[in-house]
1. So which residues in segment 99-133 are farther than 20 Å from residue 23 by Cα and of a type in the set (A, V, I, L, M)?
2. Any residue in segment 47-59 that is out of contact with any helix residue (DSSP H, G or I) (no Cβ under 7 Å at 6 or more places or on another chain) and hydroxyl-bearing (Ser, Thr, Tyr)?
3. Looking at residue 315, is it in contact (Cβ under 8 Å) with a residue 40 or more places away in the chain, among the hydrophobic types (A, V, I, L, M, F, W, C), farther than 19 Å from residue 241 by Cβ and surrounded by fewer than 20 Cβ atoms within 10 Å (Cβ to Cβ)?
4. List the number of the failed condition for residue 89; all other conditions in (1) surrounded by 19 or more Cβ atoms within 10 Å (Cβ to Cβ); (2) touching a residue at least 40 places away in the same chain (Cβ under 8 Å); (3) over 17 Å from the mean Cα position of the chain (by Cα) hold.
5. Looking at segment 312-342, which of its residues are assigned to a loop (DSSP other than H, G, I, E, B) and either modelled with pLDDT of 95 or more or charged (D, E, K, R) (or both)?
6. I'd like to verify a number: residues in segment 25-50 that are part of a helix (DSSP H, G or I), more than 19 Å from residue 135 (Cβ to Cβ) and not charged (D, E, K, R), how many?
7. Residues in segment 173-200 that are touching a Phe, Trp or Tyr at 6+ places or on another chain (Cβ under 8 Å), of a type in the set (Ser, Thr, Tyr) and assigned to a loop (DSSP other than H, G, I, E, B): how many?
8. Residues of segment 125-149 being closer than 25 Å to residue 282 by Cα and not in a loop (DSSP other than H, G, I, E, B), which ones?
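The values are calculated or read from the model by the stated rules, or taken from the named source; none is laboratory data. Quick caveat, the model's predicted, so the values are computed rather than measured. Neighbour counts run over all protein chains shown; Cβ positions are idealised from the backbone, glycine included.
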Amino acid sequence: MRTGIVKDGRFAGHSPGPGHVESPERVLALNRMVEESGLSLVLIEPRPASEKELGFIHDPDYIRLVRSTAGRELTALDADTAASSLSWETARLAAGGVIEAAAAIMEGRVTNAVALVRPPGHHAEAGAARGFCLFNNIAIAAQSLVRDRGLERVLIADWDLHHGNGTQHSFYSRSDVLFFSTHQYPFYPGTGHWSETGEGRGRGYTLNVPLAPGKTDSDYLFIYRTLLGAAARRFKPQFILVSAGFDIYGGDPLGGMDLSAAGFGALAAELKSLAEELCQGRLLLVLEGGYSLPGLRDGAKEVLLQLTGTGRPSAVRAQASAKTLRELQPVFQVFRQYWDFGI
């Protein structure tokens, strides 16, 4: 088994402004962790996505808007998202890096991979920047897998603290991409209620699990093993993509969840096992949020240990609290219309 890694100092080139929580230091801390870990990883060289590839998801006028920020000191794109002089090139490199990681997995050069890219992407809509995100890296890669690799079923799991509104909207009326999201709710961006299940041919292919704050390692592992596992086995994905946000770490300055570093390892091990069972191990995790540098560093290291098979077996139990089970009841009721959860 070979695990790929997309990492590059150029991802620090994007600066959304002084004091912004989505800082270049995030990826620099991750790069240092990888270098110090001693793990055997296959370096996947990122490349800038073409405007045609960005157009898999984004509107031409929006692509031109982001391109127009190149070389300018700071351009506000929404209330909390800005571009600086290198943001255009950095965002293209992030999207292209994720495409390249997916290609390396499809071509058998690696079994699974992690893309440590920024700016993040899952909030970016077709025609708008949102929530620190410029281009929707994971959605672009999913569409590349469908369009250029001929895949018919792609699963996107999103464990970021915040709902991936942009990813959901990219595939809301389609049945070839199953989108599964756990997120703190109600919270930014306000989407992700359990009643949002898709439209038209896409009905049932958007699965939202809104959660109150305070969820633990065991709660999350229960949800991913029980809900995602059952849906995935019915869907039979040919590739699994993960929006890996580390802002569900206990103590993250933006979050209210209570995952430990071991919890991230447990989730990675669960998804790795699912990928090995269903799609030849094809699993790609893409960095989204995570604003506690220790949580980001330690959580990502546990993920890499599990993907490479060098970590200890997870001791986390898949056992939801009584409070969590009560919260999940409407989720079960809605999702049973589309998927057999076996409970």
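1. 99, 101, 102, 103, 104, 105, 106, 110, 113, 126, 128
2. yes
3. Here the answer is yes, as residue 315 does meet what is asked.
4. Every condition holds for residue 89 apart from (1).
5. 312, 316, 317, 318, 319, 320, 321, 336, 340
6. 7
7. Looking only at that region, the number is 2.
8. 137, 138, 139, 140, 141, 142, 143, 144, 145, 146, 147
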